[in-house]
Amino acid sequence: MKATKRVIGSVALLLFSTPAYVHHSGAMFDLSKEVQVSGTVVEFHWSNPHANFKVSAMNPAGQEEIWAVEMNSPNNLVREGWKRTTLKPGDKVTVTVRPLRDGKPGGQYVSIMLADGTVLGGEQKR
Amino acid sequence: MKGSAGPYLRCLAAAVLLFACAAAWAQQDRSAGLSQSRQDELAHKHDGYYGALAPQNLAKHRPKPPFDLTGTWFVDLRRSFLDFMFGPPYPEFYEAGKTAMKEAAAARAAGKPYRDSIGQCYPAGMPMIMTRVWPTNIIQLPTAVFMTFGFTNSFRVIYLDGRPHTDSDIAVPSYNGESIGHWEGDTLVVNTKYFETNEHWIDMGLPISDQFEITERIRLLDKGMTLQIEYIMTDPMNWKGEWHSTHRWLRQDYSDVPEVECLPNLNENLPSTEKGQQAIEKRRTESNKTNAAPEGK
């Protein structure tokens, strides 16, 4: 009986837990997938509690889409080499994200390849 | 003709004079100094007791406290990242809590947020603010413990100067509540109540009522390097008995609390928030209109 309760508790924990390093629910992101988006940086915000940027990219239908990329806090990003000046509008980048589950153009930042070939990120840090 | 216009002109002149006097009086009133009672009112002056930072209050003789919480702390997640949560184990919830558990599970399975109030800039509130994954500054004085949380710079005070809780008839509900503490041996015991319940949840969206109360039993361990708090939470409207949860924080001597604001326009850039989702949808709609425009012409 006790073992059953423990199993139920664990399942509940997995179901309900949210990644608290974001300041809100992370349920919208598909954490089991990673997709790469190549395009042009539209804007970059170096801000607390989350840095973020947007990339203009072509979808398979040949239409332009703006991808919104959500990042961790600058304090964490500095540790993988990010700076306030790392991105500027017009930069060509390839960003890897955990995409939104509903297929909209947005995702949670995983890593990025900058125009000069520099790669930042790539690990889920805990 | 002259005789008939005279009274009207006199009336008009009187009205202009009255208006000018009233305007001058209003101007004078705004620039006049405040009365002492109005000054006290605006400064939130207490009725008959010192504020926690009053030199006279700080200087009062009190027994030496068994420890000093002053420092920067970060929740200990080394055992499990999920230790930021206050359950499981959970108490036996009543209807609202049971419903929240079910709805939260369904939302998560559908990849949707549930009661994502923090993502809309509502305060995390107690107890969740204590375990947000940001450092916390704590300053302990003889009269109070001040906490500034890295997460949205939320603020909390635990009064230690012997004051009672505010009369419930005039207490203003807040997300971190009103905290009054006292020492019991090597433990700081804190009672917190008077919570704002609007958009204020525990863990995945469990509701609280205005009868929610928290008792914290605070201790310092490991020669002052570990802060441990045992939470005993009651809410007779939402669960049966006491909800217990114990958490630890580690002293962070190489960290500080930065300025962190929750801004609605920032959230428009974050795809995991509702505002971020709406922004994506809006961009998509505008893009579709632009693409469709040539055909329409």
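Exposure proxy check: B:103, A:70, B:259, B:281 ranked by fewest other beta carbons within 10 Å?
In order of increasing Cβ crowding within 10 Å: B:259, B:281, B:103, A:70.
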For region B:68-144, shape from the Cα gyration tensor axes a ≥ b ≥ c, cut at a/c of 1.5 then a/b versus b/c, turns out prolate
Let me confirm one metric for peptide B:105-112, namely the mean number of other chain beta-carbon atoms within 10 Å of its residues' beta-carbons. 5
Over chain B: helical MRE at 222 nm, DSSP H runs n ≥ 4 each giving -39500 (n - 2.57), nearest 500: -9000 deg cm²/dmol
Rounded to one decimal in nm, the spacing of the 7 Å Cα→Cβ label points at residue B:228 and residue B:98 is 3.6 nm
Let me make sure I get this right: for the protein assembly as shown, a, b and c are the square roots of the gyration tensor eigenvalues over alpha carbons, sorted descending. Under 1.5 in a/c it's rounded, otherwise prolate if a/b > b/c, else oblate. Which is it? oblate
Just to be sure I understand the model, the point goes 7 Å from the Cα along the line to the Cβ. What's the resulting residue B:237 to residue B:263 distance in nm? 3.6 nm
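How much length is gained on full extension from residue A:115 to residue A:31, taking 0.36 nm per residue of separation minus their Cα-Cα distance?
Details: separation 84, 0.36 × 84 = 30.24 nm, distance 2.63 nm.
Length difference between fully extended and current span is 27.6 nm.
Looking only at other chains, what is the average number of their beta-carbon atoms within 10 angstrom of each beta-carbon in A:45-55?
On the way: counts 4, 0, 5, 12, 13, 7, 2, 7, 1, 3, 0.
The mean count of partner-chain Cβ atoms within 10 Å per residue comes to 5.
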Between residue B:189 and residue B:253, 0.36 nm times their residue separation minus their Cα-Cα distance comes to what? 20.5 nm
For B:121, B:262, which order do you get if you count the other beta carbons within 10 Å of each Cβ and list the fewest first? B:121, B:262
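Quote the relative contact order of region A:74-122 in percent (integer), defining contacts as alpha-carbon pairs under 8 Å separated by 6+ residues. Don't jump to the answer; show the numbers that get you there.
Values: 54 pairs, mean separation 14.9, N = 49.
So the answer I get is 30 percent.
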Checking the a/c ratio against 1.5 first, then a/b against b/c, what shape does the Cα gyration tensor give for region B:104-206? prolate
Residue-averaged beta-carbon neighbours from other chains (10 angstrom radius) around B:260-266: 4
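FYI, it's all coordinate maths here, none of it is from the lab. None of the values given here were measured: they were computed from a predicted structure. When we count neighbours, we look across all protein chains shown, and the Cβ atoms used for this are built from the backbone with ideal geometry, even at glycine.
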